[in-house]
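Participant: Sharing a structure below in structure tokens format, with a few things to ask.
The values are calculated or read from the model by the stated rules, or taken from the named source; none is laboratory data. Values in this document were obtained by computation on a predicted structure and should not be read as measured data. Backbone-built Cβ (ideal geometry, glycine too); neighbour counts: all protein chains shown. Side chains included, ligands, DNA and RNA excluded: accessible areas come from the protein's heavy atoms. Shrake-Rupley method; radii C 1.70, N 1.55, O 1.52, S 1.80 Å.
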Amino acid sequence: MTRKLPFPEQSGDESMIIDISCYPTDLVDLAWRHDGDPFTGERLLEMMDGPYMINGKPRRIDKAFIQPPQGNTIYTWSDGELSGRESIDAYMAYTLKMVQTYPDRFIGCFVYNPRCGVQNGVEAIERYVKEHGFGMVQMQANMHAYRPDRALDWVRPAFEKCAELGIPVKLHTGDGPYSIPTEWVPMIKEFPQVDFIMAHFGVQTGGVYVFEPMQWAMELPNVYCESGWCLQSRIVEFAKVLPKHKILFGTDTPPNEPGMWLRLLEVLCHEPPQGLNLDEDTLEDYLGNNTARMIGLEPTAPPKTVEQAEALLAHPVTA
């Protein structure tokens, strides 16, 4: 079941790139401790606007799923006084503010932390989806310190709610000991009606598990792969065999810069061995249409000429 997000009707003459992993914040990430000032929603929008050259045509990232940096979602992460629902609403507050401020550009992704209380988290999933139009849930088992294949009484209620609401789940993968992709498979198999996205293609600080998301996406109909963090030569290899709807564009911005992950997919249109002569319509599926279909938006065509691309950039995103 796909949940149709509450966007205005599309005009039919736009193209759309959708990034499924962005982390704007008004507070520097408390886990990664990034240098510089907080990476605010306004800074993210400026970066999304680019423009980025894709197959010789200027493009922008039209929409992004946003969520708090994971280090800021750790239980009682700030002053040690908040707990339960208060803690959840505190770590989601800036994301909610940005979604409400820029509804045409940002889509909310709720971060489920069972250490704030399973029932509190499940109720929050429903509240943020139904009341605030959020369209995705993220699980970060490594940051929240639980084994997803063992803490089933923490994980199952959240997935039951996601199944009821018809929203996809993004799974942080790539870190041991708790975010190895295969650790999620027992629950993925239990919920075939839920779309699961293996974020970061199994690559983070703990390892390079790129073959696991690819192999599970080949085997299980409800498993998808986020493109960001994949190795360039492997994305060419995987795109040859994965069903075309299985790769979704995501950048993990910040710390990443989105242009490098746009390039990772653009190179698929190049000649072998670096590319595979991919057609632009399939590239557009990877860049946004696959995600659009998953959340109930109409797919859009890529611009055919530089002039058409420039004309699209001149108009604000409205759908």
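Participant: Have a look at ARG115, ARG147 and point out the one that is under 28 Å from LEU82 (Cβ atoms), modelled with pLDDT of 95 or more and over 18 Å from the mean Cα position of the chain (by Cα).
Facilitator: Values: ARG115 fails: modelled with pLDDT of 95 or more.
Checking each option against the conditions leaves just ARG147.
Participant: Here's another thing I want to ask about it. Six or more apart or on different chains, Cβ under 7 Å: which pairs go from a residue in the range 191-203 that's farther than 18 Å from GLN232 by Cβ to one that's among the aliphatic types (A, V, I, L, M) and open to solvent by 10 Å² or more (accessible area, probe 1.4 Å)? Could you list them?
Facilitator: From residues that are farther than 18 Å from GLN232 by Cβ, the pairs are PHE191/ALA163; GLN193/MET1; GLN193/ALA163; VAL194/ALA163; ASP195/MET294.
Participant: When both residues are 6+ apart or on different chains and their Cβ atoms are under 9 Å apart, which pairs have a first residue that lies in the range 272-290 and is closer than 17 Å to MET53 by Cβ and open to solvent by less than 40 Å² (accessible area, probe 1.4 Å), and a second that is among the basic types (Lys, Arg) and assigned to a helix (DSSP H, G or I)?
Facilitator: Cβ pairs passing all conditions: TYR286/LYS244.
Participant: Out of ASP29, ASP35, which single residue is free of Cβ contacts under 8 Å to residues at least 24 places away in the same chain, assigned to a loop (DSSP other than H, G, I, E, B) and out of contact with any strand residue (DSSP E or B) (no Cβ under 7 Å at 6 or more places or on another chain)?
Facilitator: Checking each option against the conditions leaves just ASP35.
Participant: Name the residue, out of GLU266, GLU257, that is more than 19 Å from ASN289 (Cβ to Cβ) and open to solvent by 10 Å² or more (accessible area, probe 1.4 Å).
Facilitator: Result of the check over GLU266, GLU257: GLU257.
Participant: One residue is enough: does the range 237-252 have a residue meeting the conditions among the aliphatic types (A, V, I, L, M) and in a helix (DSSP H, G or I)?
Facilitator: For the range 237-252, residues among the aliphatic types (A, V, I, L, M) and in a helix (DSSP H, G or I): present.
Participant: Given the conditions (1) part of a helix (DSSP H, G or I); (2) open to solvent by 10 Å² or more (accessible area, probe 1.4 Å); (3) aromatic (Phe, Trp, Tyr), which single one is not true for TYR224?
Facilitator: Unmet for TYR224, out of (1) part of a helix (DSSP H, G or I); (2) open to solvent by 10 Å² or more (accessible area, probe 1.4 Å); (3) aromatic (Phe, Trp, Tyr): (1).
Participant: Restricting the search to the range 209-263, which residues are among the basic types (Lys, Arg) and touching an Asp or Glu at 6+ places or on another chain (Cβ under 9 Å)?
Facilitator: To start, the set of residues in the range 209-263 that are among the basic types (Lys, Arg) comprises 234, 240, 244, 246, 263.
Passing the criteria: only LYS244.
Participant: Name every residue in the range 97-117 that is open to solvent by less than 30 Å² (accessible area, probe 1.4 Å) and in a helix (DSSP H, G or I), in order of residue number.
Facilitator: Here is the first cut: in the range 97-117, the residues open to solvent by less than 30 Å² (accessible area, probe 1.4 Å) are 98-99, 106-114, 116-117.
Hits for the range 97-117 are MET98, VAL99, PRO114, CYS116.
Participant: While we're on this one: Within the range 294-304, does at least one residue satisfy the condition of being of a type in the set (S, T, N, Q), surrounded by fewer than 14 Cβ atoms within 10 Å (Cβ to Cβ) and assigned to a loop (DSSP other than H, G, I, E, B)?
Facilitator: no
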